[in-house]
Each structure stands twice: as C-alpha cells, then as structure tokens.
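Following: one structure in structure tokens, then a few remarks.
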Amino acid sequence: MTRVRSTALVLAALVLSTWSGALASASANSPSGSDSQGSSVPSQSEWSRIDAFEAYYPLRASSGLLHSPFGSFDPLRDPIPLGPENLYDPKALERTGMLLVQSSSADLTDLFDSLSSMGLEVLDVFPDDALVVRVDSSGDDGVLAAIDSIPSVRWAGELPVSWRVASGLIPLSARHGMLVDLDVTPAPDLSTEELTELSKDLLLVSGGAGLREVCDAYLCQPRSVDAKWIPVLAMDGRILHIGLASQLTVHNANARAISGINDALSNSGGLLNGSGEVLAISDTGLDGDHGDFTNRIRGIYDQFGPDNSNADVNSGHGTHVAATLLGDGSGDSAALGMVPAATFHFYQLEADSSGVLARWGSLYDMFTHSWQNSARIQTNSWGNENLVGEYSSDSRSADAFLVDYPRFLVLFSAGDLGSSGNSVTPPGTAKNVLTVGASTTGAQDSTPEGSVPKASRRGGRPWTGASSPT
C-alpha cells in the first residue's frame, strides 16, 4: 500500500521561488528552443537568475569496512559473512559474474576510470567505498588479476548471493508453499533480449502477474512466488536485488499562510501564481469534474495504476492533494491552492473496488512519462508501509531517474506513522528526491505552526542490502 503525505508546502515554495531561476540560469547559454533533454525552452526567459558558486568539502577518510546485510567487516582482516546456508553458492562468481571491488579511498573516481578503461560494467555502489562490477570469470583469470593490480583497489572478491536478498526475505527463503510478492531489480547491463527472457522466466514462477508485463528495465514485479524459488533467483546473474513488494498507503487551510504564499502572491501583484508551470501528481484518483481544475488538467493516466478507473471514490485523497496545490478557489475563494494557474497531469494509483493503493511498473518509467509530457516537478503524497526506513527498489529507481534527468524534481512525503529514528518510508529514503515531513498549523489552539508533529516520520536509514546509483 502507499501512504499519502504532505508535500504541498515545499512544492509551492519551489514553484514560486528562485529554484526555477537557478534552472533557467543553468540553461541560459543553451541554444534557444531546447534543453539538454530535448524539451522546448523560451527564448526570452522571465525567470529570475542567481549567481552560481563553487563550494569544496573534504571527503571523509576511508573506513576500510564493507557493510553487508549480515554485519560490517574489514575484508582484509575479517571473514566474509556469507549468510544462511540455503543462500550460499560456492560458485557465485562463476554463476553471476558479480565481483565486489573495494576502493582504497572514499574518492571512487580513479577506480571508476580504471574499471571503465578495462571495459567493465559497474552494476552498483556498495558501502563503504566499493563497486559491484560484472566480469567473465569463467573465461579469463587475467581480468581478476588486472583488477587486483589497480593501484586504487584495496580488495576484490565475489559478491555473496545472499547479500542481494532483502533482509525481510531471508527467513522465508526456500520455504515451500509460502507465497510472496516480490520487487526484483534487474541488472542494469541487460540487453533488451535478456530483459525479455528474464521477464518470461519470472512469469513462470509467478502466480499473480495478470496480463501485464512482469519487467521493465528498472523493476520486475513477480507476484505469488513460492519462497522455494528465492535461492534460485538469488543465483541468477540477471538479477541485482530481490526485495519484498512494496505495500503503499496515502499521507497531508492554513498551508498558504504558513508557507508565505499569500505574501508572495500579493507582493508580486498576483503574478507568482504558477502560470506556465506544469506539475505532475500521483495519488489515489481525481474528481476530474471538480470546479477548481477547469481547463487545467492536461491528462489523467491509469497505465501505472491497478485498474483503469480515474475516479477518486474511496478516500478522496488524490482530489484533496490536487486541490491543495492547484485549486483556483472557484468552489471556495478562501481555499485557494498553492499554484492556482499551473496546469497538471495526474496518475491514479488506487483500486476502486478495494481502496488499495498500488502501482505497476517502475518509478523510472512513470517519471519518464511525466517528463515527456512536459512536467518538471512531480509530487507524491504516499509511501511504503512495510519497508520502513529501507532503501527499496523504488528508492533506487527514483535515484536512477534523477541522475539521468537532474532538472526534474521529485517530492515524496516522509510518512506519518511515528517520530522514531529511521522511520522515513520508501521511496522517501532515496537520496536524490526531496522528502517532506509534516508541519503543525496552530489551528484550533493546537501546537503552534512550524513544529514537527509527533506523527511525522524522521530521517536516517539502516543498511538493507541495496545501494543507490551514482
């Protein structure tokens, strides 16, 4: 399920602030008509401009440690924690070709450059200061020797298959008759043909994929998989990580005043109202006939949702979030949205029949679709309720997209189930998204505005066996 959360305040501040100006400044020297990803840009920008500056920060010293799912260790000094016996493969390197290469420095630049010059594909980054690379260990032992001889390499060894299985699946591994829903991250070096074959193979062990494709390039979603298959999947070199499927749940009329939007609109003579901006929202559904959205809905899409209905028939959360951001006050002039002149498109993620929040396909694909439909900001007031504090496949997918499309801003809510440490829910644990907690309002003699309520989730996350793209 996905939990909805409040991202409206920060989103509005960004839309109405010099954040957009910084982007304009970054592309000001580009040829008029298109940016680096091919979208059109105005020849005469009316955005404000800020001066760029450089800042330098020293890197931390290398710890020499690797943080495996089974504990931290120094590979030059300590035995490698291999995990449970049913997830141990003595031929892991031969079977998967995945080699773990640890750098002698926290600066991985030299290691990346050396591996690239050898034609080796970096599949993942592993804490602290290590990379997962693909090698053909069955063919030429000289490759392994060449890697060992790189000056910036501290240690290299095979990646245990158990490290690629999420901690929540370890107790279930190899248990016959127990069905689990999985989120599988395919290796990034797969060809289209290899990805197609992986999708077919996962379909064979899946009892609940339905009529949709099991895989896209960033996420495979086999459903109702017998846990006996987990060790077999872990030995498959086409798979980078195996995790439990995300269960999503939703998270959110004093917002305008608290965020200073009333003053911004007034001081600008009514011009800072979001005009010309395109936003994207993913949430439960949308009452498209809501009077506050007239002629500003660019599209309502259902290809990433659990059914083909756009209606918001259960909680009404999606309509609430959209109106908080984009309502023009037609229904109630005292309830004007944050950016009432912006246009938007919407992704529905709720099943009408059950009220369950669910998503099909990767966030990378959803954000790509959003980018291609002219949005540069997407807000998502929901999160994962069963992988609290973890870096999930969705977190990785969001990070990967934002590395490829740095001019796209993604907001997620932090969650509202408690204030303990490491309580942010994925995908808010991604490092490249903007994750937003809740604020008190001071309404009806409650806690004064600007405080973090007890229900709002807080940052920090433990190691879970997955790492983020660079």
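A few points about this structure:
- Zone residues, the stretch 164-205, relative to E85, backbone N less than 19 Å from point 7 Å out along Cα-to-Cβ: 170-176
- Selection of chymotrypsin sites (Phe, Trp or Tyr not before Pro), the stretch 142-236, meeting DSSP coil and at most 12 other Cβ within 10 Å: none
- The distance linking the stretch 351-403 with the stretch 71-141 is 29 Å (Cα centroid to Cα centroid, whole angstrom).
- Placed amide H near T284: partners under 5 Å, 5+ positions off or other chain: G318, L349
- Theoretical FRET efficiency, 1/(1+(r/R0)^6), r = Cβ-Cβ of S105 and S374, R0 45 Å, to 0.05: 0.60
- Charge dipole (Cα centre; +1 on Lys/Arg Cβ, -1 on Asp/Glu Cβ; no other charges) of the stretch 167-243 amounts to roughly 360 debye.
- Among residues other than A92 with Cβ under 12 Å from its Cβ, the summed charge is -1 (Lys and Arg +1, Asp and Glu -1).
- Peptide ranges 76-86, 393-403, 321-331, 103-113 listed from the most packed, as the mean C-beta count within 10 angstrom indicates: 393-403, 321-331, 103-113, 76-86
- Two-site label geometry, A341 and S167: point separation in nm, points 7 Å out along Cα→Cβ: 5.0
Here, each number is a calculation from the coordinates, and none is a lab measurement. It should be emphasised that the depicted structure is a prediction, and the values quoted were computed from it without experimental measurement. Glycine also receives a Cβ, built like all others from the backbone with ideal geometry; neighbour counts cover every protein chain displayed.
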